[in-house]
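A.B. asks: After the structure tokens below, expect a handful of questions from me.
The values are calculated or read from the model by the stated rules, or taken from the named source; none is laboratory data. Everything numeric here is computed off the predicted structure, so don't read it as measured data. Here the Cβ positions follow ideal geometry from the backbone for every residue, glycine too, while neighbour counts run over all protein chains shown.
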Amino acid sequence: MTGGPVPGPDGLPRCPWGLSAPDYLDYHDREWGRPLRGVTAMFERLSLEAFQSGLSWLVILRKREGFRRAFAGFDPEKVAAFDDEYAERLLADPGIVRNRAKIAAARRNARAVLALDVPLDELLWSFAPDPDGRRRPHTLGDVPAVTRESTAMAKELKRRGFAFVGPTTCYALMQATGMVDDHLEGCVAGSADAPVDGGRAAG
């Protein structure tokens, strides 16, 4: 079936996108779709998804360590305290995506995280659909870009002062952090407990 899982370098079936670059293979197998918790971890993912808007995720993956250095490990308190001078220095940092609006959004979103009356990860996970009522996709064509839940998440985040959090960005966040399982049916990394390539953690 077109768009279904394809054999990886070890012969095990994976989502086709996970085989398009070595960086993607590692990310697909070890992170994507694995449930993630923690305020700092979720703020990092939310920030990186926002920076990815309009770009390839591969660009973000290859600059990830640069982002972590530039954004103080994505500690919301530290990012919220960035002043305008530091923001201007970030625009000259080749280790990140140098976009003024997205840098401003990261600072704004950090302040929004600190203003929440619930932990960020708890708020985001409140939009996760019931996994029992959802089947994994069979082909890439079955994977949605936006869902009812991601639209609701985006609306609530915007209401709470967040920026660069549209329904598509929110759905990508849901996929990346395991709120939904969009590994294709038959993909070896489709289960959080499935070993990949000699026991490596699966995506």
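A.B. asks: Residues of the stretch 156-175 being closer than 10 Å to LEU46 by Cα, aliphatic (A, V, I, L, M) and part of a helix (DSSP H, G or I), which ones?
C.D. replies: ALA172, LEU173, MET174
A.B. asks: Identify the residue in the stretch 47-86 that is among the hydroxyl-bearing types (Ser, Thr, Tyr) and surrounded by fewer than 15 Cβ atoms within 10 Å (Cβ to Cβ) and, among all such residues, is nearest to the chain's Cα centre (by Cα).
C.D. replies: In this case the residue turns out to be SER56.
A.B. asks: Give me the residue from the stretch 96-141 that is free of Cβ contacts under 8 Å to residues at least 24 places away in the same chain and among the acidic types (Asp, Glu) and, out of that set, farthest from VAL79 (Cα to Cα).
C.D. replies: The selected residue is ASP132.
A.B. asks: Looking only at residues that are in a helix (DSSP H, G or I) and among the basic types (Lys, Arg) in the stretch 16-47, which one is modelled with the lowest pLDDT?
C.D. replies: Out of the qualifying residues, it is ARG30.
A.B. asks: Scan the stretch 60-76 and tell me whether some residue there is of a type outside the set (Phe, Trp, Tyr), outside any helix (DSSP H, G or I) and in contact (Cβ under 8 Å) with a residue 24 or more places away in the chain.
C.D. replies: yes
A.B. asks: Among the residues of the stretch 129-163, which ones are under 19 Å from CYS187 (Cα atoms) and hydrophobic (A, V, I, L, M, F, W, C)?
C.D. replies: LEU140, VAL143
A.B. asks: Scan (1) surrounded by 14 or more Cβ atoms within 10 Å (Cβ to Cβ); (2) modelled with pLDDT under 95 for the single condition ASP193 breaks and write down its number.
C.D. replies: (1)
A.B. asks: Further, regarding this structure: Considering only the stretch 22-37, state which residues are touching a helix residue (DSSP H, G or I) at 6+ places or on another chain (Cβ under 6 Å) and not hydroxyl-bearing (Ser, Thr, Tyr).
C.D. replies: Of everything in the stretch 22-37, those that are touching a helix residue (DSSP H, G or I) at 6+ places or on another chain (Cβ under 6 Å) and not hydroxyl-bearing (Ser, Thr, Tyr) turn out to be ASP23, LEU25, HIS28, ASP29, TRP32, ARG37.
A.B. asks: Shifting gears a bit: Name the residues in the stretch 142-156 that are free of Cβ contacts under 8 Å to residues at least 24 places away in the same chain and crowded, with 18+ Cβ neighbours inside 10 Å, would you?
C.D. replies: Of everything in the stretch 142-156, just one residue is free of Cβ contacts under 8 Å to residues at least 24 places away in the same chain and crowded, with 18+ Cβ neighbours inside 10 Å, namely ALA154.
A.B. asks: Taking into account only those residues within the stretch 109-155 that are in a loop (DSSP other than H, G, I, E, B) and among the charged types (D, E, K, R), which is modelled with the highest pLDDT?
C.D. replies: My answer is ASP117.
A.B. asks: Another question about this same structure. Identify, by number, the condition in (1) among the small types (Gly, Ala, Ser); (2) under 23 Å from ALA154 (Cβ atoms); (3) without any contact (Cβ under 8 Å) to a residue 40 or more places away in the chain that GLY38 doesn't meet.
C.D. replies: (3)
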